1. Return a yes/no flag: does segment 438-457 have any residue that is assigned to a loop (DSSP other than H, G, I, E, B), more than 22 Å from Thr100 (Cα to Cα), open to solvent by 10 Å² or more (accessible area, probe 1.4 Å) and touching a residue at least 60 places away in the same chain (Cβ under 8 Å).
2. Kindly check whether there is at least one residue in segment 129-136 that is of a type outside the set (Phe, Trp, Tyr), in contact with a strand residue (DSSP E or B) (Cβ under 7 Å, 6 or more places away or on another chain) and assigned to a helix (DSSP H, G or I).
3. Here are Lys58, Lys23: which of them is of a type in the set (D, E, K, R), surrounded by fewer than 23 Cβ atoms within 10 Å (Cβ to Cβ) and at pLDDT 95 or above?
4. Can you confirm whether segment 538-552 contains a residue that is in contact with a helix residue (DSSP H, G or I) (Cβ under 6 Å, 6 or more places away or on another chain), within 30 Å of Gly444 (Cβ to Cβ) and basic (Lys, Arg)?
5. Restricted to segment 223-242, and to residues that are free of Cβ contacts under 8 Å to residues at least 60 places away in the same chain and not β-branched (Val, Ile, Thr), which residue is most open to solvent (accessible area, probe 1.4 Å)?
6. Can you tell me how many residues in segment 104-131 are among the basic types (Lys, Arg) and out of contact with any Asp or Glu (no Cβ under 8 Å at 6 or more places or on another chain)?
7. Checking Met250 against (1) over 30 Å from Asp340 (Cβ atoms); (2) surrounded by fewer than 24 Cβ atoms within 10 Å (Cβ to Cβ); (3) over 24 Å from the mean Cα position of the chain (by Cα), which test does it fail?
8. Suppose we keep only residues that are closer than 23 Å to Ala412 by Cβ and of a type in the set (Asp, Glu) within segment 326-356. Which one would you say is surrounded by the fewest Cβ atoms within 10 Å (Cβ to Cβ)?
Amino acid sequence: MLLFCQKKPEAEQKLLGSRYDCKTRSEEEMIQSNIAPNGMAVTPHHLASESALAVLRKGGNAIEAMVAAAATIAVVYPHMNGLGGDSFWLIVPPEGEPITIDASGAAGSLANHDFYQGMDRIPYRGPKAALTVAGTVSGWQKALTLSETLGYAPASVAELLDDAIHYAASGMPVSGSQSAASAAKQQELQGQPGFADIYLPGGQAPDAGSRFTQPALADTLRTLASEGLDSFYRGSLARRIARGMESLGMPVTLSDLQAHHAKQKAPLRLNHSTGTLYNLAPPTQGLVSLAINGITDRLGLPEASEVDTIHRIVEATRQAFTLRDNWLTDPREMQAEAQDLLSADRLDSLASAIDLQHAASDTGQRDPGDTVWMGVIDKDGMAVSFIQSIYHEFGSGVVIPDTGILWQNRGAAFTLQKDHLLTLAPGKQPFHTLNPAAVRLKDGRVMVYGSMGGDGQPQTQATLFTRYVLQNQPLQQSITAPRWLLGRTWGDSSESLKLESRFSTDTVEALKKMGHDVELLSDFSEATGHAGAIVRHVNGMLEGASDPRSNGSAAGF
């Protein structure tokens, strides 16, 4: 029997004084818990899952369903993502090559070293942190255009945004995650332009379960519904955004918005013993996620014990982070082809550098971040793996006047050091931790999967993939079971190996003896990510799993 835990609704959490409802289930029950024949969506907020499912029920495809989910979750999970952020798409059609969309923005034309004169680093909060174009809306548009080129009828943007407009205008219940993030960051963010007026109603962090409205954001969404998504960059909304950015002293201009377009690209791929894995090319760290799986494919994980599994994935993560830190930047400045960095010879070399009995000392961490991963597969078998983010909790903390748009702080990933891979320059894309994943397995299954969590994303992806594909654990168990994080959590500079407290004492002590600097997290810690996955089986059935650490669901019909 297996212990299966799901987060209770907010009202029940308050009433009963506990966050999780835990039951024992057989493996067969776990496997059958989220099965559907026609379409499925997995998101970290149940309202976004339902928005996607509503589109699928009406005959819409996975791309259209994802746009609806992306709009809704931008409203109902504002501490994690929003219209003022970036996104990346990985689209796996039933046949043919997968397609990716890079909907991330570059540094504004005024974002140069003079703009930060007297500063030794770019701040994480405030107008000077809000220095890149927000690209996610351009990705929605690009994906819908791709849908038409694939032979689908044009979608009604107004219908896809309808749920999001409703939740922004009429309100929605504050999630426990938003409430906790608001309280934790209140002192840090309450002085940022426009922040307190929206996110600290009455001057306080909102309680979980309280009604939360965003009328200005509802008006912005109505503009997009009536004028089209391109209004964000080249319409009346763009002009409103630009006026607000200028008034706040941000280094992004109307010309920067007008010059922005999402990019359609080929994915990175990894030839694995079980199939072909796909992820995003730079400026994302999709390379890291694929490298970890490529390295561990050489380390005997199918037969590994729990301790050996953790140790080998952690050590592969260290090697992959070194690869990232030596090479990854704006793709126009890369000194090597990203796909070449996944060659068999290079992965052999990285794997051979790992000591299977002892931990290495370096981590190569960058920064934590907040994100949402979502997946959809439709009745035709088209699969979408998607990530949307504003980087840190609540991004820069800056709300653009008269729009309700909270702007990201992704540009804080730049450095003001000269002659560095990540040196700031106008028009340059910053490094992204974002990387949605997918795999076509040799046995015919297709899986889309991912997680939020900055540098934790590739680690959680590797854990989910290893448990489900290599060690044949049920999909839901692969996500629910205790996880770990090598490196920093939010507001914590420690680079230790952090384990959820549900791991046994024997496992913890064994890892310490191998040289890991172990710290313990709570039983179900958001620091280890909000993971999710959907699998399309050979018989066409869809199996989904959502993370009990989130407020999400796997919804199908």
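The values are calculated or read from the model by the stated rules, or taken from the named source; none is laboratory data. Predicted model only: the values in this text are computed from it and were never measured. Glycine also receives a Cβ, built like all others from the backbone with ideal geometry; neighbour counts cover every protein chain displayed. Quick note on the areas: whole protein, heavy atoms, side chains included, nothing else; ligands and nucleic acids left out. Shrake-Rupley method; radii C 1.70, N 1.55, O 1.52, S 1.80 Å.
1. Within segment 438-457, the first condition is being assigned to a loop (DSSP other than H, G, I, E, B), and the residues that meet it are 442-445, 451-455.
Of the ones still in play, those that are also more than 22 Å from Thr100 (Cα to Cα) are 443.
Narrowing further to those that are open to solvent by 10 Å² or more (accessible area, probe 1.4 Å): 443.
Filter once more, so that each one left must be touching a residue at least 60 places away in the same chain (Cβ under 8 Å): 443.
Within segment 438-457, one or more residues are assigned to a loop (DSSP other than H, G, I, E, B), more than 22 Å from Thr100 (Cα to Cα), open to solvent by 10 Å² or more (accessible area, probe 1.4 Å) and touching a residue at least 60 places away in the same chain (Cβ under 8 Å).
2. So in segment 129-136, the residues of a type outside the set (Phe, Trp, Tyr) come out as 129-136.
Pick out the ones that are also in contact with a strand residue (DSSP E or B) (Cβ under 7 Å, 6 or more places away or on another chain) and you get 130-132, 134-136.
Going one step further and asking which of them are assigned to a helix (DSSP H, G or I), we end up with 136.
There is at least one residue in segment 129-136 that is of a type outside the set (Phe, Trp, Tyr), in contact with a strand residue (DSSP E or B) (Cβ under 7 Å, 6 or more places away or on another chain) and assigned to a helix (DSSP H, G or I).
3. Working: Lys23 fails: at pLDDT 95 or above.
Just a single option satisfies the conditions, and that option is Lys58.
4. No, because not a single residue in segment 538-552 is in contact with a helix residue (DSSP H, G or I) (Cβ under 6 Å, 6 or more places away or on another chain), within 30 Å of Gly444 (Cβ to Cβ) and basic (Lys, Arg).
5. Taking segment 223-242 as the starting set, the residues that turn out to be free of Cβ contacts under 8 Å to residues at least 60 places away in the same chain are 223, 227, 231, 234-236, 238-239, 242.
With not β-branched (Val, Ile, Thr) added as a condition, the list becomes 227, 231, 234-236, 238-239, 242.
Numbers: Glu227: 102, Ser231: 6, Arg234: 86, Gly235: 12, Ser236: 37, Ala238: 0, Arg239: 120, Ala242: 14 Å².
Per the criteria, the residue is Arg239.
6. Let us first name the residues in segment 104-131 that are among the basic types (Lys, Arg), namely 121, 125, 128.
Keeping just the survivors that are out of contact with any Asp or Glu (no Cβ under 8 Å at 6 or more places or on another chain) gives 121, 128.
Counting residues in segment 104-131 that are among the basic types (Lys, Arg) and out of contact with any Asp or Glu (no Cβ under 8 Å at 6 or more places or on another chain) gives 2.
7. (2)
8. Glu333
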